[in-house]
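Engineer: Attaching a single structure in C-alpha coordinates format; questions to follow.
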Amino acid sequence: MNYSKRHGEILKLIQEEGTITIARLAEKLGVSLETVRRDVKPLARDGSVMKMHGAIGLPSVVGEAPFERRMREQADAKRAIARHVAGTIGDGESVMLDTGTTTSFLARELLNHRRLTVVTNSSDIARTLATVNGNKVYMAGGELRSDSGAAFGVSAIEFVSRFSVNHAVITAGAIDAEDGVMDYVLEEAEFARVVLTRGTRTIVVTDHTKFGRQGLVQVCAFSAFGELVTDMPPPRDVAAAIEGAGAKLVVAGSR
(Lines give C-alpha, C1' and ligand atoms only; values in the text may rest on other atoms or scores of the structure.)
Protein backbone atom coordinates (compact mmCIF):
# COMPACT_ATOMS: atom_id res chain seq x y z
CA MET A 1 0.00 0.00 0.00
CA ASN A 2 0.98 3.65 -0.33
CA TYR A 3 1.67 4.91 3.16
CA SER A 4 0.71 8.42 4.25
CA LYS A 5 3.02 10.53 6.39
CA ARG A 6 1.12 9.50 9.52
CA HIS A 7 1.34 5.82 8.55
CA GLY A 8 5.09 6.30 8.36
CA GLU A 9 5.12 7.91 11.80
CA ILE A 10 3.12 5.00 13.24
CA LEU A 11 5.54 2.47 11.75
CA LYS A 12 8.53 4.42 13.08
CA LEU A 13 7.06 4.49 16.60
CA ILE A 14 6.27 0.80 16.61
CA GLN A 15 9.74 -0.05 15.32
CA GLU A 16 11.16 1.84 18.29
CA GLU A 17 8.84 0.37 20.93
CA GLY A 18 7.89 -3.10 19.68
CA THR A 19 4.34 -2.72 21.01
CA ILE A 20 2.43 0.48 21.68
CA THR A 21 -1.07 1.27 22.91
CA ILE A 22 -3.60 3.08 20.75
CA ALA A 23 -3.88 5.76 23.44
CA ARG A 24 -0.12 6.37 23.44
CA LEU A 25 -0.10 6.54 19.65
CA ALA A 26 -2.83 9.15 19.71
CA GLU A 27 -0.90 11.16 22.29
CA LYS A 28 2.37 10.92 20.34
CA LEU A 29 0.74 11.89 17.03
CA GLY A 30 -1.53 14.56 18.47
CA VAL A 31 -4.69 13.07 16.98
CA SER A 32 -7.86 11.42 18.27
CA LEU A 33 -8.25 7.76 19.18
CA GLU A 34 -10.70 7.37 16.28
CA THR A 35 -8.12 8.75 13.83
CA VAL A 36 -5.46 6.33 15.06
CA ARG A 37 -7.81 3.36 14.84
CA ARG A 38 -8.69 4.36 11.27
CA ASP A 39 -5.01 4.70 10.33
CA VAL A 40 -4.10 1.36 11.90
CA LYS A 41 -6.69 -0.64 9.95
CA PRO A 42 -4.86 -0.72 6.58
CA LEU A 43 -1.53 -1.42 8.35
CA ALA A 44 -3.10 -4.41 10.08
CA ARG A 45 -4.77 -5.52 6.86
CA ASP A 46 -1.49 -5.71 4.93
CA GLY A 47 0.38 -7.36 7.82
CA SER A 48 2.65 -4.43 8.70
CA VAL A 49 1.35 -4.48 12.29
CA MET A 50 -0.66 -6.87 14.45
CA LYS A 51 -3.62 -5.63 16.46
CA MET A 52 -3.96 -6.58 20.12
CA HIS A 53 -6.40 -5.51 22.81
CA GLY A 54 -6.03 -1.71 22.83
CA ALA A 55 -2.60 -1.84 21.22
CA ILE A 56 -0.61 -2.81 18.13
CA GLY A 57 2.66 -4.70 17.80
CA LEU A 58 5.21 -5.71 15.22
CA PRO A 59 4.49 -9.18 13.81
CA SER A 60 7.99 -10.28 14.82
CA VAL A 61 7.59 -9.15 18.44
CA VAL A 62 3.94 -9.83 19.23
CA GLY A 63 3.53 -9.72 22.99
CA GLU A 64 6.99 -8.98 24.26
CA ALA A 65 10.27 -7.85 22.80
CA PRO A 66 13.43 -9.95 23.24
CA PHE A 67 14.68 -10.18 26.84
CA GLU A 68 17.69 -7.89 26.57
CA ARG A 69 15.63 -5.20 24.88
CA ARG A 70 12.95 -5.52 27.55
CA MET A 71 15.61 -5.00 30.22
CA ARG A 72 16.12 -1.53 28.77
CA GLU A 73 12.42 -0.72 28.43
CA GLN A 74 10.82 1.03 31.43
CA ALA A 75 14.05 0.39 33.34
CA ASP A 76 13.50 3.15 35.91
CA ALA A 77 9.97 1.92 36.64
CA LYS A 78 11.10 -1.69 37.02
CA ARG A 79 13.98 -0.63 39.24
CA ALA A 80 11.61 1.33 41.51
CA ILE A 81 9.29 -1.68 41.80
CA ALA A 82 12.24 -3.99 42.50
CA ARG A 83 13.68 -1.66 45.13
CA HIS A 84 10.36 -1.55 46.98
CA VAL A 85 9.92 -5.33 47.01
CA ALA A 86 13.55 -5.91 48.01
CA GLY A 87 12.98 -3.64 51.00
CA THR A 88 10.24 -5.97 52.25
CA ILE A 89 12.42 -9.10 52.11
CA GLY A 90 14.64 -9.87 55.07
CA ASP A 91 18.05 -11.53 55.34
CA GLY A 92 17.82 -15.29 55.65
CA GLU A 93 14.41 -15.53 53.99
CA SER A 94 13.41 -17.64 51.00
CA VAL A 95 12.25 -16.24 47.66
CA MET A 96 10.90 -17.88 44.50
CA LEU A 97 11.17 -15.80 41.32
CA ASP A 98 9.92 -16.56 37.84
CA THR A 99 11.77 -15.28 34.79
CA GLY A 100 11.09 -11.71 33.75
CA THR A 101 12.80 -8.37 33.47
CA THR A 102 11.27 -6.97 36.66
CA THR A 103 12.28 -10.03 38.68
CA SER A 104 15.78 -9.72 37.17
CA PHE A 105 15.86 -6.15 38.48
CA LEU A 106 14.67 -7.50 41.83
CA ALA A 107 17.57 -9.95 41.90
CA ARG A 108 19.98 -7.06 41.48
CA GLU A 109 18.30 -5.13 44.30
CA LEU A 110 18.76 -8.19 46.53
CA LEU A 111 22.54 -8.24 46.11
CA ASN A 112 23.08 -6.62 49.51
CA HIS A 113 20.90 -9.18 51.28
CA ARG A 114 22.53 -12.10 53.07
CA ARG A 115 21.81 -15.82 53.44
CA LEU A 116 18.87 -15.82 51.02
CA THR A 117 17.43 -19.05 49.68
CA VAL A 118 16.43 -18.39 46.07
CA VAL A 119 14.43 -20.70 43.81
CA THR A 120 14.09 -19.70 40.16
CA ASN A 121 13.89 -20.89 36.57
CA SER A 122 15.94 -17.92 35.35
CA SER A 123 19.63 -18.38 34.60
CA ASP A 124 20.06 -14.58 34.81
CA ILE A 125 18.63 -14.48 38.34
CA ALA A 126 20.60 -17.56 39.37
CA ARG A 127 23.88 -16.07 38.11
CA THR A 128 23.16 -12.75 39.83
CA LEU A 129 22.53 -14.15 43.30
CA ALA A 130 24.54 -17.38 43.45
CA THR A 131 27.81 -17.57 45.42
CA VAL A 132 27.40 -14.16 47.11
CA ASN A 133 26.65 -13.30 50.76
CA GLY A 134 26.03 -16.89 51.78
CA ASN A 135 23.03 -17.31 49.48
CA LYS A 136 21.68 -20.68 48.41
CA VAL A 137 20.31 -20.69 44.87
CA TYR A 138 18.27 -23.53 43.37
CA MET A 139 17.59 -23.38 39.64
CA ALA A 140 14.90 -25.41 37.93
CA GLY A 141 16.09 -27.71 35.18
CA GLY A 142 14.74 -28.23 31.70
CA GLU A 143 15.30 -26.85 28.23
CA LEU A 144 16.64 -23.31 28.39
CA ARG A 145 14.86 -20.72 26.26
CA SER A 146 17.34 -19.07 23.87
CA ASP A 147 15.87 -15.60 24.46
CA SER A 148 15.75 -15.37 28.26
CA GLY A 149 17.90 -18.34 29.32
CA ALA A 150 15.02 -19.64 31.44
CA ALA A 151 13.88 -23.22 31.93
CA PHE A 152 10.30 -24.29 31.32
CA GLY A 153 8.28 -27.46 31.03
CA VAL A 154 7.20 -30.33 33.26
CA SER A 155 10.59 -30.83 34.92
CA ALA A 156 10.85 -27.14 35.87
CA ILE A 157 7.34 -27.15 37.35
CA GLU A 158 7.96 -30.38 39.27
CA PHE A 159 11.21 -28.96 40.67
CA VAL A 160 9.77 -25.73 42.09
CA SER A 161 6.73 -27.60 43.42
CA ARG A 162 8.99 -29.22 46.02
CA PHE A 163 9.68 -25.89 47.73
CA SER A 164 7.67 -23.69 50.07
CA VAL A 165 9.03 -20.15 50.38
CA ASN A 166 8.42 -16.93 52.29
CA HIS A 167 7.98 -14.81 49.14
CA ALA A 168 6.76 -15.99 45.72
CA VAL A 169 7.13 -13.31 43.03
CA ILE A 170 5.98 -13.41 39.41
CA THR A 171 5.98 -10.93 36.56
CA ALA A 172 3.09 -10.24 34.18
CA GLY A 173 2.93 -9.88 30.42
CA ALA A 174 -0.47 -8.19 30.59
CA ILE A 175 -3.06 -7.12 33.18
CA ASP A 176 -6.70 -7.19 32.12
CA ALA A 177 -9.57 -6.02 34.35
CA GLU A 178 -11.66 -9.11 33.55
CA ASP A 179 -9.06 -11.86 33.01
CA GLY A 180 -6.50 -10.77 35.60
CA VAL A 181 -2.82 -11.57 35.12
CA MET A 182 -2.00 -12.79 31.61
CA ASP A 183 0.97 -13.84 29.51
CA TYR A 184 1.72 -14.49 25.86
CA VAL A 185 3.39 -17.91 26.20
CA LEU A 186 1.59 -20.96 27.60
CA GLU A 187 4.65 -22.45 29.33
CA GLU A 188 5.48 -19.17 31.06
CA ALA A 189 1.90 -18.81 32.28
CA GLU A 190 1.83 -22.37 33.61
CA PHE A 191 5.10 -21.90 35.47
CA ALA A 192 4.06 -18.57 37.00
CA ARG A 193 0.76 -20.08 38.13
CA VAL A 194 2.62 -22.79 40.08
CA VAL A 195 5.03 -20.25 41.63
CA LEU A 196 2.08 -18.45 43.20
CA THR A 197 1.05 -21.64 45.01
CA ARG A 198 4.43 -22.00 46.74
CA GLY A 199 4.70 -18.78 48.73
CA THR A 200 3.38 -17.68 52.11
CA ARG A 201 3.38 -14.20 50.57
CA THR A 202 2.46 -13.93 46.88
CA ILE A 203 3.37 -10.92 44.76
CA VAL A 204 2.85 -9.85 41.16
CA VAL A 205 5.30 -7.19 39.93
CA THR A 206 4.51 -5.23 36.79
CA ASP A 207 5.12 -1.78 35.33
CA HIS A 208 2.21 0.40 34.24
CA THR A 209 2.54 -0.37 30.51
CA LYS A 210 1.04 -3.83 31.11
CA PHE A 211 -2.29 -2.42 32.32
CA GLY A 212 -5.13 -2.64 29.83
CA ARG A 213 -3.36 -5.25 27.74
CA GLN A 214 -4.87 -8.64 27.11
CA GLY A 215 -2.41 -11.50 26.71
CA LEU A 216 -2.95 -14.83 25.07
CA VAL A 217 -3.04 -17.02 28.20
CA GLN A 218 -4.47 -16.35 31.66
CA VAL A 219 -2.01 -16.86 34.50
CA CYS A 220 -4.47 -16.26 37.32
CA ALA A 221 -7.36 -14.20 38.60
CA PHE A 222 -6.71 -11.28 40.95
CA SER A 223 -7.82 -13.45 43.86
CA ALA A 224 -4.82 -15.79 43.37
CA PHE A 225 -2.21 -13.42 44.83
CA GLY A 226 -1.85 -11.14 47.82
CA GLU A 227 -0.12 -8.07 46.40
CA LEU A 228 0.44 -6.29 43.10
CA VAL A 229 3.37 -3.87 43.05
CA THR A 230 3.63 -1.37 40.22
CA ASP A 231 5.09 2.07 39.47
CA MET A 232 1.92 4.03 38.60
CA PRO A 233 -1.73 3.72 39.60
CA PRO A 234 -3.62 1.38 37.24
CA PRO A 235 -6.82 2.31 35.38
CA ARG A 236 -9.91 2.46 37.58
CA ASP A 237 -11.37 -0.83 36.35
CA VAL A 238 -8.14 -2.70 37.09
CA ALA A 239 -7.75 -1.05 40.51
CA ALA A 240 -11.36 -1.90 41.36
CA ALA A 241 -10.88 -5.52 40.29
CA ILE A 242 -7.76 -5.87 42.44
CA GLU A 243 -9.48 -4.34 45.46
CA GLY A 244 -12.60 -6.42 44.90
CA ALA A 245 -10.51 -9.59 44.94
CA GLY A 246 -9.01 -8.67 48.29
CA ALA A 247 -5.48 -8.13 46.99
CA LYS A 248 -3.26 -5.24 48.05
CA LEU A 249 -2.24 -2.66 45.44
CA VAL A 250 1.14 -0.99 46.04
CA VAL A 251 2.48 1.88 43.94
CA ALA A 252 6.24 1.96 44.47
CA GLY A 253 7.51 5.32 45.64
CA SER A 254 4.12 6.62 46.74
CA ARG A 255 3.30 7.34 50.36
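The values are calculated or read from the model by the stated rules, or taken from the named source; none is laboratory data. All values reported here derive from a predicted model rather than from experimental measurement. Cβ atoms come from the backbone with ideal geometry, glycine included; neighbour counts cover every protein chain shown. Calculation scope for accessible area: heavy atoms of the full protein, side chains included, ligands and nucleic acids excluded. Shrake-Rupley method; radii C 1.70, N 1.55, O 1.52, S 1.80 Å.
Engineer: Compute a Gaussian network model of the chain, connecting alpha carbons closer than 10 Å, and tell me which residue from Thr128, Thr35, Thr102 fluctuates the most.
Structural biologist: Looking only at Thr128, Thr35, Thr102, the largest GNM fluctuation is found for Thr35.
Engineer: With no solvent and one equal point scatterer per Cα, compute the Debye intensity ratio I(q)/I(0) for the chain at 0.09, 0.14, 0.16 Å⁻¹ and report its log10, rounded to two decimals.
Structural biologist: These q points yield log10 I(q)/I(0) values of -0.41, -0.92, -1.15.
Engineer: Here's another thing I want to ask about it. Starting from the Cα of Glu158, step 7 Å along the direction of its Cβ; do the same at Arg37; then give the gap between the two resulting points in nm.
Structural biologist: The modelled label-to-label distance comes out at 4.9 nm.
Engineer: Bin by bin, in steps of 5 Å, what percent of the Cα pairs in segment 167-255 do you find, going until the bin that has the longest distance?
Structural biologist: Calculated P(r), rounded to whole percents: 3, 17, 29, 28, 17, 6, 1, 0.
Engineer: Which residue, Lys41, Lys78, Lys136, tops the fluctuation ranking in a GNM of the chain built on C-alpha contacts under 10 Å?
Structural biologist: Lys41
Engineer: State in Å² the accessible area per residue of the chain; use a 1.4 Å probe, count heavy atoms of protein chains only, and round to the nearest integer.
Structural biologist: On the way: 11960 Å² over 255 residues.
With the other protein chains kept in place, the chain gives 47 Å² per residue.
Engineer: Then there's this: Expressed as a whole percentage, what fraction of the accessible surface of segment 114-255 belongs to carbon and sulfur atoms when a 1.4 Å probe is rolled over the protein heavy atoms? Spell out each step's value before the answer.
Structural biologist: Values: 3160 of 6410 Å².
In segment 114-255, the share of accessible area belonging to carbon and sulfur is 49 percent.
Engineer: Taking K and R as +1 and D and E as -1, what net charge do the other residues with C-beta under 14 Å from the C-beta of Ile125 add up to? Don't jump to the answer; show the numbers that get you there.
Structural biologist: On the way: positive: Lys78, Arg108, Arg127, Lys136, Arg145; negative: Asp98, Glu109, Asp124.
Value of the local net charge: +2.
Engineer: Considering only protein heavy atoms, what is the solvent-accessible area of His84 at a probe of 1.4 Å, reported in Å² to the nearest 10?
Structural biologist: Accessible area, nearest 10 Å²: 70 Å².
Engineer: How much accessible surface area, in Å² rounded to 10, belongs to the heavy atoms of Glu34 with a 1.4 Å probe?
Structural biologist: So the heavy atoms of Glu34 present about 110 Å² to solvent.
Engineer: What lysines sit close enough to Lys41 to cross-link, taking a C-alpha to C-alpha distance under 27 Å and skipping anything fewer than 8 places away on the same chain?
Structural biologist: Lys5, Lys12, Lys28, Lys51, Lys210
Engineer: Just in segment 153-255: which GluC sites (Glu not before Pro) are loop by DSSP and have at most 13 other Cβ atoms within 10 Å?
Structural biologist: Values: sites: Glu158, Glu178, Glu187, Glu188, Glu190, Glu227, Glu243; in loops: Glu178.
Those satisfying the criteria are Glu178.
Engineer: When only the heavy atoms of the protein chains count and the probe is 1.4 Å, how do Leu29, Leu216 rank by accessible area, highest first? Working shown, then result.
Structural biologist: Numbers: Leu29 35, Leu216 135 Å².
Accessible-area ranking of Leu29, Leu216, largest first: Leu216, Leu29.
Engineer: Can you give the helix-only mean residue ellipticity at 222 nm for the chain, where every DSSP H stretch with n ≥ 4 adds -39500 (n - 2.57) and the sum goes over all residues, rounded to the nearest 500 deg cm²/dmol?
Structural biologist: On the way: 10 runs with 94 residues, N = 255.
Value at 222 nm, helices only: -10500 deg cm²/dmol.
Engineer: Rounded to the nearest 20 Debye, what is the dipole magnitude of the chain about its Cα centre when Lys and Arg each give +1 and Asp and Glu each give -1 at the C-beta?
Structural biologist: Details: 31 positive and 31 negative charges, 94 e Å.
In debye, rounded to 20, the chain gives about 460.
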